[in-house]
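Have a look at the structure below, then the notes.
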Amino acid sequence: MIRILIADDSAFMRKVLTDLFKKQPDFDVVGTATNGRDAVEKVKQLHPDLLTLDVQMPVMDGLNALAVIMEVSPMPVVMLSSLTQEGTDETIRALSLGAIDFISKAGGSISRIDTIESDILAKCRAAAKANVKRALTGTRAAEKAESERLAKEKSAPRGMHHVELPKRTGFKLPSKAGGAELQAKSASPFAKRENPLLARRNKPTLTPHAVPSSSAMPAASGQGSGKLVAIGTSTGGPQALQNVITRLPGDLPCGVVVVQHMPAGFTKSLANRLNTLSKVEVKEAEDGEIIKPGHVYIAPGNYHMRVASAGSARKIVLGQDPPVGNHRPAVNVLYDSVAPIGKKLVAVIMTGMGSDGTEGMKKIKAQGGYSIAQDESTCAVYGMPKSVVDAGLADEVRPVTDIARAIVAAVEK
């Protein structure tokens, strides 16, 4: 039985949802909340298995309530609001905060909720299976271990042989084209045109539960030129991608292609948000564009993404051929297309329900590719990585906070 709490400022919507779930033999409506603060208090009191949460509510909105809930009482949350259809940025923020999934009210009208009943029930049943508390606890433990490791390295005495002197090449001013972008990233130790002494002074300090800067990563040496990284993820993926992509160095010597199970209209907001937080360039993939080093390409919702040769380079190929395993984009489609790259491919599988990616990973391993799987302790849903691990296809199993480091090390091999 799934014990569900419904939070919505509309009395009519609360009634519609309550009636919907009460008709189901596997749901038990334990209560309703009229605003975000009410939702936070009732989560503490009732300890539901699942929360449906409206984005726009008085007193405390859904996003602020979600942030508090994930801090004090982590649990599966499905966002439900008319705002999510147009306000995709808010939806992506909610997913990045830890919401498992989202549902748009049909046409923005609560009177048409009956048209998406099956979608609501399917997503809520799936979300209830997510182990949000385990994933959050595992991620925080991994972050703490990483912070302690970095602090230990920083405080360790160093001999003269460890001192790295800057090359005497002079400081080059950025060109007018792209100058603003370079200046914006000048604090990064991975920017190619900077004063290395100033860069060392400006390294950010890690704080508890913060996303560590990719300054914790070694700069890429350029030995990974010609390689490619392919990432597949689903439920819990936006938060996992934020943990990984924000830790990649800006001078990563190869491109990264990503399939995140997500409907059309939301992947662009996901890419834009990650781009503002990362040293690599992140964008929604476009058909025919050449894959560049230091760039991350996210498959658009409702489009399969493949990688094809383009002379000495590689390019993105998008298509709307039938879904594979009920997914479009599908991880298996991406993996199938990149498997021929062989030893120059690094494939990553992260949190998600089901087994999308396993068949493609078999082909990748047969061609000599390298594979990294997210560990169970940091997965919201240990489905897709578990399938790969159980099949004996993972070369490494890492917590989400260590996957970027593993990617860089694999690329440099």
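The values are calculated or read from the model by the stated rules, or taken from the named source; none is laboratory data. Keep in mind it's a predicted model, so treat the numbers as computed, not measured. Glycine also receives a Cβ, built like all others from the backbone with ideal geometry; neighbour counts cover every protein chain displayed.
Kindly indicate whether any position in segment 79-97 is modelled with pLDDT of 95 or more and touching a Lys or Arg at 6+ places or on another chain (Cβ under 8 Å). Please lay out each step first, then the result.
Pass one, segment 79-97, residues modelled with pLDDT of 95 or more: none.
Looking through segment 79-97, none of the residues is modelled with pLDDT of 95 or more and touching a Lys or Arg at 6+ places or on another chain (Cβ under 8 Å).
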State whether the residues of segment 379-386 include one that is buried (at least 20 other Cβ atoms within 10 Å of the Cβ), touching a Phe, Trp or Tyr at 6+ places or on another chain (Cβ under 8 Å) and of a type outside the set (Gly, Ala, Ser).
no
(1) at pLDDT below 90; (2) assigned to a helix (DSSP H, G or I); (3) in contact with a Lys or Arg (Cβ under 9 Å, 6 or more places away or on another chain): which one isn't true of Thr139, the others all being true?
(3)
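Among the residues of segment 349-356, is there at least one that is assigned by TED's automatic domain parsing to the domain that holds Ser234, outside any helix (DSSP H, G or I) and closer than 20 Å to Glu412 by Cα?
Step one: list which residues in segment 349-356 are assigned by TED's automatic domain parsing to the domain that holds Ser234, which gives 349-356.
Checking the rest, the ones that are also outside any helix (DSSP H, G or I) come to 349-356.
Checking the rest, the ones that are also closer than 20 Å to Glu412 by Cα come to 349.
Yes: one or more hits.
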Options Arg306, Arg314, Arg328, Arg398; residue that is within 16 Å of the chain's Cα centre (by Cα) and surrounded by fewer than 24 Cβ atoms within 10 Å (Cβ to Cβ):
Arg398
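Residue check: is Gly232 at pLDDT 95 or above and either touching a helix residue (DSSP H, G or I) at 6+ places or on another chain (Cβ under 6 Å) or crowded, with 24+ Cβ neighbours inside 10 Å (or both)? Write out each step before concluding.
Details: at pLDDT 95 or above: yes; either touching a helix residue (DSSP H, G or I) at 6+ places or on another chain (Cβ under 6 Å) or crowded, with 24+ Cβ neighbours inside 10 Å (or both): yes.
So Gly232 fits the description; yes.
With the structure loaded, tell me whether Asp390 is surrounded by fewer than 22 Cβ atoms within 10 Å (Cβ to Cβ) and either on the phi > 0 side of the Ramachandran plot or in contact with a strand residue (DSSP E or B) (Cβ under 6 Å, 6 or more places away or on another chain) (or both) or whether it fails that test. Show your work before the answer.
On the way: surrounded by fewer than 22 Cβ atoms within 10 Å (Cβ to Cβ): yes; either on the phi > 0 side of the Ramachandran plot or in contact with a strand residue (DSSP E or B) (Cβ under 6 Å, 6 or more places away or on another chain) (or both): no.
Taking the combined requirement at face value, the residue does not satisfy it.
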Determine, yes or no, whether Leu248 is in contact with a strand residue (DSSP E or B) (Cβ under 9 Å, 6 or more places away or on another chain), farther than 19 Å from Pro329 by Cβ, surrounded by 22 or more Cβ atoms within 10 Å (Cβ to Cβ) and in contact (Cβ under 8 Å) with a residue 60 or more places away in the chain.
yes
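Looking at segment 358-376, is at least one residue in a loop (DSSP other than H, G, I, E, B) and surrounded by 19 or more Cβ atoms within 10 Å (Cβ to Cβ)?
Yes, there is a match, as at least one residue in segment 358-376 is in a loop (DSSP other than H, G, I, E, B) and surrounded by 19 or more Cβ atoms within 10 Å (Cβ to Cβ).
Return yes or no: is Lys344 at pLDDT 95 or above, in contact with a Lys or Arg (Cβ under 9 Å, 6 or more places away or on another chain), within 25 Å of Gly250 (Cα to Cα) and surrounded by fewer than 20 Cβ atoms within 10 Å (Cβ to Cβ)?
Numbers: at pLDDT 95 or above: yes; in contact with a Lys or Arg (Cβ under 9 Å, 6 or more places away or on another chain): yes; within 25 Å of Gly250 (Cα to Cα): yes; surrounded by fewer than 20 Cβ atoms within 10 Å (Cβ to Cβ): yes.
Taking the combined requirement at face value, the residue satisfies it.
Condition check ((1) surrounded by 24 or more Cβ atoms within 10 Å (Cβ to Cβ); (2) part of a helix (DSSP H, G or I); (3) in the same structural domain as Thr88 (by TED's automatic domain parsing)) across all residues:
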| position | (1), (2), (3) |
| --- | --- |
| Val257 | yes, no, no |
| Pro263 | no, no, no |
| Ser269 | no, yes, no |
| Thr276 | no, yes, no |
| Lys283 | no, no, no |
| Glu286 | no, no, no |
| Lys292 | no, no, no |
Of the conditions (1) surrounded by 13 or more Cβ atoms within 10 Å (Cβ to Cβ); (2) not in a strand (DSSP E or B), Pro322 clears all except one; give me its number.
(1)
Mind listing whichever residues of segment 24-45 are surrounded by 15 or more Cβ atoms within 10 Å (Cβ to Cβ) and either hydrophobic (A, V, I, L, M, F, W, C) or part of a helix (DSSP H, G or I) (or both)?
Phe27, Val29, Val30, Ala33, Gly36, Arg37, Asp38, Ala39, Val40, Lys42, Val43
What is the number of the single condition among (1) more than 28 Å from Gly98 (Cα to Cα); (2) at pLDDT 95 or above that Val331 does not meet?
(1)
Members of segment 1-37 found to be within 29 Å of the chain's Cα centre (by Cα) and of a type in the set (D, E, K, R), listed by number
Arg3, Asp8, Arg37
Any chance you could count how many residues in segment 294-315 are closer than 17 Å to Ile245 by Cβ and assigned to a strand (DSSP E or B)?
5
